[in-house]
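**Q** Quick one: the structure is below, questions incoming.
The values are calculated or read from the model by the stated rules, or taken from the named source; none is laboratory data. Not measured: the values here are computed from a predicted model. Methodologically, a virtual Cβ is constructed for each residue, glycine included, from the backbone with ideal geometry; neighbour enumeration extends over all protein chains shown.
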Amino acid sequence: MRLDIRTKLFIAAIFSILALAYQDPRMLAAIFILSLPVLAWFRVPLRALAALRKFIYLYLFLILLQSFFVPGGEPLLTLGKLTLLTSGGIIYGLSILLRFLILAGAGLILAQCNQAELLLALVKLRLPYEIVFMVQLGIRFIPVLTGELQNMFNGIQLRGVDLRKIYKRKVLAVYVSLFTPLIYSIWQKAEKLSILLELRGFRLYPGRTYYRDISLQSLDYAVMALALAAAAALVYAGLLLK
């Protein structure tokens, strides 16, 4: 039996709230470990999380940066009187990394969902249809705009221009000349879309019908109750750690 899309939204919301509520790396590590079997159950490719290892230098930079702004803990690396690395900075940087991984996992849960069902779930949650429609437009237009931008870069490379070798003072002017036609293209698409919406009578009636429908089953209620119980257990464990 398939889970309703609202069940997945509920679980993703629980992981996101727990990730933002805690700072202790032990709690965040427990939440992250708990999220892995959930992601596997939802058939989310874990290689998507593994692909984040390419940002390892960014994570190390964040840990080093936190040592300047979080002076707690013992100094581990000093340069004269300047402390470069502290145990508190490592702990805080590790917390940021774990929180980012948990939020990325929650986003992957939603990314695996059917977009039509996701929008219908938002409507079922009593969100105004105008907001849901804007979310739908954003989902549909992101690949289009990304493709247009990639075509622009491909066209420049075919002309023998290497953007990596452009003199630094000219970089801003080059990118302005690139994004100007892109913004104009977005404006044209938005204008055509507004005309089409008017022609099709958008918001002519207070409500609308849907070809498909979704409903919560007994399995959905059981999974949400189990997720809520697990979240309560984590909160209780967090209270014991204080």
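**Q** Scan the range 194-239 residue by residue and report those that are of a type in the set (D, E, K, R), closer than 20 Å to GLN115 by Cβ and part of a helix (DSSP H, G or I).
**A** Passing the criteria: only ASP220.
**Q** I'd like to verify a number: residues in the range 113-140 that are among the aliphatic types (A, V, I, L, M), buried (at least 16 other Cβ atoms within 10 Å of the Cβ) and assigned by TED's automatic domain parsing to the domain that holds LYS192, how many?
**A** Qualifying residue count for the region: 1.
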